[in-house]
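Heads up: the structure comes next, in structure tokens.
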Amino acid sequence: MPRTLAVLATEAGVRLITLQRPEALNALNTELLGELAAELDHAERDPDTRAVVITGSRKAFAAGADIKEMAERDLVGILNDPRVAHWQRIAAFSKPLIAAVNGFCLGGGCELAMHADILIAGEDARFGQPEINLGIMPGAGGTQRLLRAVGKSLAMQMVLTGEAIDARFAQRAGLVSEVTQPEFTVDRAIAIARVIAQKAPLAVRLAKEALLKAQDTDLASGLRFERHAFTVLAGTADRNEGIAAFQAKRRPEFTGQ
Ligand code: CAA
């Protein structure tokens, strides 16, 4: 049983993971990151899990890496940091991941939210990379993913000043897709996850992979990958089922084959 997370398998193939370190505003210590990586590994292997929603509390999605734990690490400790492997496992999750963000979403917390494929934010959410105030810089993908999400100028401003942006600003900048009232953030994220969970799993997986490719490859390579993935899906039973169901005017029954 994880100590720093609550995990709930809702109906319709959606798993809800809630970060639970209220005493530290869900600061991401080694234990929490390890438990989160293990939960995502489990969700990856579980054929009944089609999508995952990750959330925190109303006050904080997560206030960053655990600064108290960081204070105990010297350079050798940082070079051998077990959290690096946990982050890599989180980044490797191939099923749809949706972040439902309320309150503080800072530093490593913002970096974790940016691992999600879709970000839904409560009106009171605040996104920031305040590491510069500690004399350091983002170390879990913040410089790379934030720039890709919001562009160079705003990413530079956020990382170099350490100042946070609110949910509406984050939505206009492209970091967040929807803003809700805070009490509905998790419900809205689960509703989106349920819609995705009903789609053909192989198509969802390859579409996610192709969209992520667009962030780190040139157009010609991305188009090649898309064509390849599209062709692979042509050989699936779910493609036949989707087209047959359309023609028969019924709902498709996807099997993941
Ligand atoms: N690490 C460890 N503990 C944290 C924490 C963090 N990142 N953020 C908050 N806490 C703890 C506080 O120390 C406090 O605990 P105590 O009561 O035992 O002192 C408790 O959570 C509540 O926090 P506050 O009293 O500070 O709450 P607040 O409402 O006054 O302020 C806040 C909220 C503005 C988010 C403030 O807590 C804050 O600035 N936190 C740090 C944010 C930050 O700098 N994050 C970046 C971390 S570095 C990083 O993430 C590196 C990376 O990229 C991998």
- Please give the calculated 222 nm ellipticity per residue for the chain, where each DSSP H segment of at least 4 residues contributes -39500 (n - 2.57) and the sum is spread over every residue; nearest 500 deg cm²/dmol? -14500 deg cm²/dmol
- Subtracting the Cα-Cα distance of Glu11 and Ala214 from 0.36 nm times their residue separation yields 69.9 nm
- Could you rank the peptides 100-106, 6-12 by their average count of other C-beta atoms within 10 Å per residue, with the highest value first? 100-106, 6-12
- Nearest-5 percent of antiparallel DSSP beta bridges in the range 5-197? 25 percent
- Query: Taking the Cβ of Gly174 as the center, what net charge do the other residues with Cβ under 13 Å away carry, scoring Lys and Arg +1 and Asp and Glu -1?
  - Reply: +4
- Message: Can you tell me which lysines have their Cα less than 18 Å from the Cα of Lys95? Leave out same-chain residues fewer than eight positions away.
- Response: Lys199, Lys208, Lys213
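Report the full-extension gain for the segment Asp74 to Met1: residue separation times 0.36 nm, less the Cα-Cα distance, to one decimal in nm.
Difference between extended and current length: 23.2 nm.
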- Task: Run a plain Debye calculation on the range 1-127 (Cα atoms as equal point scatterers, no solvent) and give log10 I(q)/I(0) at q = 0.22 Å⁻¹, rounded to two decimals, same order as the q list.
- Result: -1.34
- Taking the Cα centre of the range 168-257 as origin and charging only Cβ (+1 Lys, Arg; -1 Asp, Glu), how large is the dipole, in debye to the nearest 20? 220 debye
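Cβ under 15 Å from Gln257's Cβ, Gln257 left aside: what net charge do those residues give with Lys, Arg +1 and Asp, Glu -1?
Once all neighbours under 15 Å are counted, the net charge is +1.
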- Query: Roughly what % of Cα-Cα distances in the chain sit above 35 Å, to the whole percent?
  - Reply: 17 percent
- Message: Computing the accessible area with a 1.4 Å probe over protein heavy atoms, can you report the carbon and sulfur percentage for the chain?
- Response: 57 percent
- Packing-based order for 68-75, 36-43, 237-244, using average beta carbon neighbours within 10 Å, highest first: 36-43, 237-244, 68-75
- Note on the structure: Given a 1.4 Å probe, the accessible area of the chain per residue, as a whole number of Å², is 53 Å²
- Query: Among the lysines, which have Cα under 16 Å from the Cα of Lys68 when same-chain residues fewer than 8 positions away are ignored?
  - Reply: none
- Task: Rank by packing, highest mean first: peptides 188-198, 55-65, with packing defined as the count of other Cβ atoms within 10 Å averaged across residues.
- Result: 55-65, 188-198
- Let me have the relative contact order for the chain, percent, based on Cα pairs under 8 Å that are six or more residues apart. 17 percent
- Cα pair distances in the range 147-225, grouped into 10 Å bins until the bin that holds the longest one, percent each: 15, 30, 36, 17, 1
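The values are calculated or read from the model by the stated rules, or taken from the named source; none is laboratory data. What you see is a predicted model; the values in this text were computed from it and never measured. Using ideal geometry, Cβ is built from the backbone for each residue, glycine included, and neighbour counts are taken over all protein chains shown. With ligands, DNA and RNA removed, areas are computed over all heavy atoms of the protein, side chains included. Shrake-Rupley method; radii C 1.70, N 1.55, O 1.52, S 1.80 Å.
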